[in-house]
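The values are calculated or read from the model by the stated rules, or taken from the named source; none is laboratory data. The model shown is predicted, which means the values in this text are computed figures rather than measured ones. Here the Cβ is made from the backbone with ideal geometry for all residues, glycine too, and neighbour counts use every protein chain on show.
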Amino acid sequence: LLLRKDSPNGKRYVRRDRAGEVDEAFGFSLAPLLARAEEIEQLAAVVMAERLHVKRLRERITLCRRDIAKLIEAAVEEDIPGDWQGLYSEFRDLIEGLPRSPTTAQLELLLDELTVLRTNILNQLEIQVKSTKQRGNADYIERHIQNSNPESISELEPSFETKQGAIAEPDNDRGSVTAAKGRGETGHPFEQKEEEQKEEEQSRRPGVRNDGGGLKSFPLGLVLQACPEILAYGPDGAIRNWRDLMAAAVIVRSMLGVSPSAYE
C-alpha cells in the first residue's frame, strides 16, 4: 500500500526539473494505494456483507431459540403428551455445542438444526390439537368450527368482495320477533320481557351483533391479509380453512405464553 524511497540524507524531498515538474521524490509514496483503490473497495464490500450476514444469522438463531423455549415451556405447563424433556435436552446440546467464536458455516448449521427442531415441536403440537378433545383448548376450537364442509371456503364465509364490516342475514327466530314487533303485534308480557333480556344480553357482547341484530362476518381471505404471519403456523405452513386458522391460533397462543383461560 505504501512505497518507501530513501534519500541520501534520510530526509523527504523532491527534485524538480527546469519546468517545475517532480523529477524524483524521496520518502513515502501513496501511489500503490491509489492504484489499488477499486480492489480495496471491493474487498471492503465483501467484509461488510459477511458481517451483515453473520448479524442476521445471530438474530434468526435468537428468535428460533426463543420460540423453541416458549413452545416447550407451554407444552409442559399444559401437560401436553410428548417427550418434551428429550426435546429440551436436544435443544440445549445444540446451543452448548456452539463455540465461543463460531464461524459463519457453524452459525448456518446451527440455524438449520434449530429450525428443524422447531418444526418438529410445532408438528407435535398440531397433532395434539387435532387429535385431543379432552383439553379445553380443543373444545374451544370445536365450538368455533362450523358444521359444514371445512374445505369449502365459499360455504363458510361471504364473498371476498364483501366490504369489511358487512352484515349477514339475521337468524329466523330473531327475524320473526322483529317482524312481529313491526306489525304492532303484542305477545305475552313475560315473553316480551324475556326476549328483551335476551336481546340486551346479546347486545353486551362486543363485536358480535350490530344494532340491526346481524352478525358481523369477515371472509377468511380478509383475515389472512390482515395477519399474514399466521400462515407460517398453519398445518404444513398453510391455512386453507377456518379449522386451520383456529389450530394455528392455538399454537401462536402457546408461543406467546397466554393461558387457556385467558385465551377463552
Inset, instruction - Select the helices (runs of 4 or more DSSP H) contained entirely in region 28-107, then report the ones holding at least 2 residues which are in contact with a strand residue (DSSP E or B) (Cβ under 8 Å, 6 or more places away or on another chain) and either surrounded by 14 or more Cβ atoms within 10 Å (Cβ to Cβ) or at pLDDT below 90 (or both). - result: 31-35
Inset, instruction - Kindly indicate whether any position in region 48-60 is in contact (Cβ under 8 Å) with a residue 12 or more places away in the chain, under 17 Å from Ile121 (Cα atoms), under 34 Å from the mean Cα position of the chain (by Cα) and assigned by TED's automatic domain parsing to the domain that holds Gln106. - result: no
Inset, instruction - Exactly one condition in (1) more than 30 Å from Val129 (Cα to Cα); (2) at pLDDT 85 or above is not met by Arg16; state its number. - result: (2)
Inset, instruction - Please verify whether region 95-106 includes one or more residues that are over 22 Å from the mean Cα position of the chain (by Cα) and under 21 Å from Leu122 (Cβ atoms). - result: yes
Legend entry - Boolean, Ile127 is β-branched (Val, Ile, Thr), part of a loop (DSSP other than H, G, I, E, B) and at pLDDT 50 or above: no
Inset, instruction - Can you confirm whether region 11-26 contains a residue that is part of a helix (DSSP H, G or I), at negative phi and among the aliphatic types (A, V, I, L, M)? - result: no
Inset, instruction - Give region 236-249 a look and list any residue that's surrounded by 18 or more Cβ atoms within 10 Å (Cβ to Cβ) and either modelled with pLDDT of 85 or more or farther than 20 Å from Asp79 by Cα (or both), or say none. - result: Ile239, Asn241, Trp242, Arg243, Asp244, Leu245, Met246, Ala248, Ala249
